[in-house]
1. On the basis of being crowded, with 20+ Cβ neighbours inside 10 Å, of a type in the set (S, T, N, Q) and out of contact with any Lys or Arg (no Cβ under 9 Å at 6 or more places or on another chain), does T149 make the cut?
2. So V169 ticks every box in (1) in contact with a helix residue (DSSP H, G or I) (Cβ under 6 Å, 6 or more places away or on another chain); (2) not in a strand (DSSP E or B) but one. Which box is left unticked?
3. What tally of residues in the range 188-240 results from selecting those that are of a type in the set (A, V, I, L, M, F, W, C), assigned to a strand (DSSP E or B) and free of Cβ contacts under 8 Å to residues at least 60 places away in the same chain?
4. Please give the number of the condition K61 fails out of (1) within 15 Å of the chain's Cα centre (by Cα); (2) within 18 Å of N219 (Cα to Cα); (3) charged (D, E, K, R); (4) surrounded by fewer than 16 Cβ atoms within 10 Å (Cβ to Cβ).
5. Where residues in the range 113-135 are part of a strand (DSSP E or B) and either of a type outside the set (V, I, T) or touching a residue at least 40 places away in the same chain (Cβ under 8 Å) (or both), which of them is nearest to L172 (Cα to Cα)?
6. Name the single residue, out of those in the range 215-234 being among the β-branched types (V, I, T) and over 18 Å from the mean Cα position of the chain (by Cα), that is surrounded by the most Cβ atoms within 10 Å (Cβ to Cβ).
7. For the range 157-169, what are the residues that are in contact (Cβ under 8 Å) with a residue 40 or more places away in the chain and crowded, with 18+ Cβ neighbours inside 10 Å?
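Please treat every number below as a calculation from the coordinates, not as lab data. Predicted model, so just to flag it, every value in this text is computed and none were measured. As a convention, Cβ positions derive from the backbone with ideal geometry for all residues, glycine included, and neighbour counts pool all protein chains shown.
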Amino acid sequence: MRQLIGADPGTPGGPGTLEWLAEAYAYPDGGRWLRANMVTSLDGAARLDGLSEGLSGEADKRIFGVLRALCDVVLVGAETVRAEGYRPGRARAEFAERRAAAGQLPAPVIAVVTRSLDLDLSAPLFTEPLVPTVVVTTVDAPPDRLARTAERADVITAGTGSVDLPRAVAALTERGWRRQLSEGGPRLLGQLAAEGLLDELCLSVAPLVTAGDSPRIVNGPQIPHVRPMRLVSLIEQKGFLFTRYLRATDPDRSPNDHDLTGDAS
């Protein structure tokens, strides 16, 4: 694993170790920070054969695990939960001391965003979580489904007709979960970007050309105001590129944020 752009954390063991990655992707101190982690092919596909798994590789999965281990809560859309067979967040011994020192739960909370509450409540995500799974839905969600869901998950209601993401993110933050991670899917990420909630994008680029009709990593109506981002880190392994982009208009909030060009655009 090679750091091509950005500061080397300089931890023992060098690039690619868990300690090195944990420092390279450390959350900034202070308030709420929402990062997204996505993977894409060279030609922009967010999925291969319907799943992101087909685009992933060893290093991508390693970084995926580190990003989860660093966050308080994973925000994910119900469609992605169903398609990818989501399981509960797990405690990792390598990060136990770090999480305890930061006042975090042993494992990240999984927060599922759904308007319809079309969820398999018998799945391990709801029957075997180390920390309770959260479901974020609307105030006017179907009452019978809402009651059943509340028996298996911690329910947050935000918005009528569709989930009010600013209110939902604020509710998660109020619970002390300020280190937030979205794993998509593309539709949820599009909504988060449109609402101006996205602080950081960690994008893995797989050395694959797939064609097909897979959606982009951000999918939905065009954002009214284009969100400029700036590259702060680039890591390479076996042809995979692992990028970090921060909001170009934000002040320097991240300890690993280095202005590489001097151009905010």
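1. So T149 fits the description; yes.
2. (1)
3. Residues of the range 188-240 that are of a type in the set (A, V, I, L, M, F, W, C), as a first pass: 188-189, 192-194, 197-198, 201-203, 205-206, 208-209, 211, 217-218, 223, 226, 229, 231-232, 234-235, 240.
Now drop any that are not assigned to a strand (DSSP E or B), which leaves 201-203, 205, 229, 231-232, 234-235, 240.
Remaining after also requiring free of Cβ contacts under 8 Å to residues at least 60 places away in the same chain: 229.
Count: 1.
4. (2)
5. Kept after step one, since they are part of a strand (DSSP E or B), are these residues of the range 113-135: 113, 134-135.
Filter once more, so that each one left must be either of a type outside the set (V, I, T) or touching a residue at least 40 places away in the same chain (Cβ under 8 Å) (or both): 113, 134.
Values: V113: 12, V134: 9 Å.
Restricting to residues being part of a strand (DSSP E or B) and either of a type outside the set (V, I, T) or touching a residue at least 40 places away in the same chain (Cβ under 8 Å) (or both), the top hit is V134.
6. Let us first name the residues in the range 215-234 that are among the β-branched types (V, I, T), namely 217-218, 223, 226, 232.
Filter once more, so that each one left must be over 18 Å from the mean Cα position of the chain (by Cα): 223, 226.
Values: I223: 14, V226: 8.
Of everything passing the filter in the range 215-234, I223 is surrounded by the most Cβ atoms within 10 Å (Cβ to Cβ).
7. Once the filter is applied, which keeps residues that are in contact (Cβ under 8 Å) with a residue 40 or more places away in the chain and crowded, with 18+ Cβ neighbours inside 10 Å, the range 157-169 yields V163, L165, A168, V169.
Rundown of residues vs (1) more than 16 Å from the chain's Cα centre (by Cα); (2) closer than 20 Å to A193 by Cα, yes/no style:
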| position | (1), (2) |
| --- | --- |
| I5 | yes, no |
| D8 | yes, no |
| W20 | yes, no |
| E23 | yes, no |
| R32 | no, yes |
| M38 | no, yes |
| D43 | yes, no |
| L48 | yes, no |
| E53 | no, no |
